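What follows is one structure encoded as structure tokens, with my remarks underneath.
The values are calculated or read from the model by the stated rules, or taken from the named source; none is laboratory data. Predicted model only: the values in this text are computed from it and were never measured. All Cβ positions, even for glycine, are placed from backbone atoms using ideal geometry, and neighbour counts span all protein chains on display. Quick note on the areas: whole protein, heavy atoms, side chains included, nothing else; ligands and nucleic acids left out. Shrake-Rupley method; radii C 1.70, N 1.55, O 1.52, S 1.80 Å.
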Amino acid sequence: MNKFFNIWVCTILFTLICSYTNAEMVPAPEWAKELIIYEINPYAFTSPNGAGDGNGSGTFKSLAEKMDYLEDLGITGIWLAGYSNSTNHFYNIKTVYASIRPDEFDPALGTADDFKAMIDEAHKRGIKIFLDVVPHGVVNSSPLIKGNEDSFKGGTWRMTDYNYDNAEFRKWWVDVWTNYVLKYGVDGYRLDVPRFNQMPLW
């Protein structure tokens, strides 16, 4: 087994256990004590069709095909830095950090069924999936903004920030991440700059 690989340790890891009306902080689950997390950008991790425009050609399917390899590495968790509809806004590299819509899968990576199948393959091997969540906002061209201006305020990094003071937005936000857990079996989240804009956890 190859033990020489880079492991990114998520300092903020949440298992989503909440209802639509109330959320409670709970102790870390027992499995977290032995957790070994491996960060994967799915666009570039496999690239079965070559680098293409430089962002890679990896998909949910090609990542699923690597689960035996990842199990052999000894990891028990994947920090998935790419799944939602995103752009190459930062340094011309496509990443989850330049989100168009966090509630939609990037069609370049595959379908919702492909995503679920990838998670199922990971779970068969005892590997948990954690999504990288970008809580500050979306790219300025996001269709989420038009008609929902009250859900946004200000901006940073040439992006438009979410407005966590808006109760309707907060409900939508909780629904998005609850859906990933209940529908697809996502195990938890890594939050990018969670204190930005004094974002409440729920």
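Below, the figures for the structure above:
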{"quantity": "Qualifying strands (runs of 3 or more DSSP E) (wholly inside the range 89-202; at least 1 residues being within 30 Å of SER62 (Cβ to Cβ))", "calculated": "95-105, 128-133, 137-139, 159-162, 188-191"}
{"quantity": "Test result for TYR43, assigned to a strand (DSSP E or B), modelled with pLDDT under 95 and closer than 26 Å to TRP173 by Cβ", "calculated": "no"}
{"quantity": "Residue within the range 39-47 that is among the small types (Gly, Ala, Ser) and open to solvent by 10 Å² or more (accessible area, probe 1.4 Å) present", "calculated": "yes"}
{"quantity": "Residue, surrounded by the most Cβ atoms within 10 Å (Cβ to Cβ), within the range 98-129, restricted to residues that are under 21 Å from ASN140 (Cβ atoms) and among the acidic types (Asp, Glu)", "calculated": "ASP106"}
{"quantity": "Residue within the range 145-159 that is basic (Lys, Arg), touching a strand residue (DSSP E or B) at 6+ places or on another chain (Cβ under 9 Å) and either over 29 Å from ASN49 (Cα atoms) or loosely packed, with under 15 Cβ neighbours inside 10 Å (or both) present", "calculated": "yes"}
{"quantity": "Residue list for the range 76-97, restricted to those being more than 12 Å from the chain's Cα centre (by Cα), open to solvent by 10 Å² or more (accessible area, probe 1.4 Å) and modelled with pLDDT of 95 or more", "calculated": "THR76"}
{"quantity": "Hey, ASN85 over 17 Å from ILE36 (Cα atoms), in a loop (DSSP other than H, G, I, E, B) and free of Cβ contacts under 8 Å to residues at least 40 places away in the same chain or not", "calculated": "no"}
{"quantity": "Scan of the range 71-113 for residues that are among the aliphatic types (A, V, I, L, M) and within 14 Å of LEU131 (Cα to Cα), ordered by number", "calculated": "ILE78, LEU80, ALA81, VAL96"}
{"quantity": "Test: residue in the range 90-100 that is among the hydrophobic types (A, V, I, L, M, F, W, C) and in contact with a His (Cβ under 9 Å, 6 or more places away or on another chain)", "calculated": "yes"}
